[in-house]
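Novice: This is the structure I want to talk about, given as structure tokens.
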Amino acid sequence: MDDALHWQKSTFSGGGEGDTCVELAASPTHIHLRESDTPTTALTTSPATLAQLLKGIRTGTL
């Protein structure tokens, strides 16, 4: 994983201390997601694909 990525914690991660957060980073063409307790493992996707997933979750179609 590229160490130059700027990782940000999700506002929905509960606000607890420790390694219980979802983090994301954006690069010019991709969105990278990881859990803070396993920072060396990340999911990489396109912004459009992530948007479709979130839309499906919100509307209950998934």
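Novice: Where residues in region 29-62 are part of a helix (DSSP H, G or I), among the small types (Gly, Ala, Ser) and surrounded by 11 or more Cβ atoms within 10 Å (Cβ to Cβ), which of them is farthest from the chain's Cα centre (by Cα)? I'd like the intermediate steps shown before the answer.
Specialist: To start, the set of residues in region 29-62 that are part of a helix (DSSP H, G or I) comprises 47-59.
Right, trim to among the small types (Gly, Ala, Ser) and you get 48, 51, 56.
Still in the list and also surrounded by 11 or more Cβ atoms within 10 Å (Cβ to Cβ): 51, 56.
Details: Ala51: 12, Gly56: 16 Å.
Result: Gly56.
Novice: Please name all residue pairs, on different chains or six or more residues apart, with Cβ atoms under 9 Å, provided the first residue is in region 33-58 and is under 17 Å from Val22 (Cα atoms) and the second residue is open to solvent by less than 60 Å² (accessible area, probe 1.4 Å) and among the basic types (Lys, Arg).
Specialist: Partner pairs satisfying both residue conditions: Thr40/Arg34; Thr41/Arg34; Ala42/Arg34; Leu43/Arg34.
Novice: Can you name every residue in region 24-43 that is polar (S, T, N, Q) and either at pLDDT below 90 or within 15 Å of His6 (Cβ to Cβ) (or both)?
Specialist: Those that are polar (S, T, N, Q) and either at pLDDT below 90 or within 15 Å of His6 (Cβ to Cβ) (or both): Ser27, Ser36, Thr38.
Novice: Let me ask something additional. Out of region 3-17, which residues are modelled with pLDDT of 90 or more, open to solvent by 80 Å² or more (accessible area, probe 1.4 Å) and more than 20 Å from Leu54 (Cα to Cα)?
Specialist: Selection gives His6 alone.
The values are calculated or read from the model by the stated rules, or taken from the named source; none is laboratory data. In this text, all values refer to a predicted model and were calculated from it rather than measured experimentally. Ideal geometry is used to build each Cβ from the backbone, glycine not excepted, and the neighbour counts take in all protein chains shown. Note: accessible area is taken over every heavy atom of the protein model, side chains too, but ligands, DNA and RNA are not part of it. Shrake-Rupley method; radii C 1.70, N 1.55, O 1.52, S 1.80 Å.
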